[in-house]
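Peer 1: Once you've had a glance at the structure underneath, I'll fire off some questions.
The values are calculated or read from the model by the stated rules, or taken from the named source; none is laboratory data. Remember, predicted model here, so these are calculated numbers, not experimental data. Glycine gets a Cβ as well: all are built from the backbone with ideal geometry, and neighbour counts include every protein chain shown. We work out accessible area using only protein heavy atoms, side chains counted, and drop any ligands, DNA or RNA first. Shrake-Rupley method; radii C 1.70, N 1.55, O 1.52, S 1.80 Å.
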Amino acid sequence: MTGQRETRQKRALSTVLDESNGFRSAQDLYSDLRARGEAVGLTTVYNQLKALAESGQIDTVRTDDGETLYRRCAAGHHHHLVCRTCGAAVEVEGPEVEKWAERVAGRHGYVDVAHTVEIVGTCKSCSQRRA
């Protein structure tokens, strides 16, 4: 994170994010840190996740109940296909979405357009467990 001091807590959180598959809640990440013996507060975890998201180092998605989930993602603009059961995520490109967003914004006189698209469903593994 540019302009900010690198601390033991930041490094530990970064490691947990790097080792995580799928989107995870701040509470889950905090629990992992505590299980590893890290002396870190939940407020610190939330603050660091916010800073990482704002700097573009991690992506966020919101669940149906409004909880924010976090994940380290590849660079560049992309979208996510997220399992609502286990949080597994697949990064997908959506050139049609990009064109649509520009077209709709332009029609209403908007410029400098940004958007967020998440597709939520149930992954194959979770749907097979239900059956």
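Peer 1: Do you know which residues across the stretch 3-35 are within 18 Å of residue 73 (Cβ to Cβ), open to solvent by 100 Å² or more (accessible area, probe 1.4 Å) and assigned to a loop (DSSP other than H, G, I, E, B)?
Peer 2: 21
Peer 1: Name the single residue that is modelled with the highest pLDDT among those in the stretch 10-34 being more than 22 Å from residue 66 (Cβ to Cβ) and of a type in the set (Lys, Arg).
Peer 2: Among residues in the stretch 10-34 that are more than 22 Å from residue 66 (Cβ to Cβ) and of a type in the set (Lys, Arg), the one modelled with the highest pLDDT is 34.
Peer 1: Then there is this: Can you name the number of the only condition in (1) without any contact (Cβ under 8 Å) to a residue 12 or more places away in the chain; (2) under 12 Å from the mean Cα position of the chain (by Cα) that residue 108 fails?
Peer 2: Exception for residue 108: condition (2).
Peer 1: Of all strands (runs of 3 or more DSSP E) completely enclosed by the stretch 36-126, which ones contain at least 2 residues that are out of contact with any Ser or Thr (no Cβ under 8 Å at 6 or more places or on another chain) and loosely packed, with under 15 Cβ neighbours inside 10 Å?
Peer 2: 89-92, 118-121
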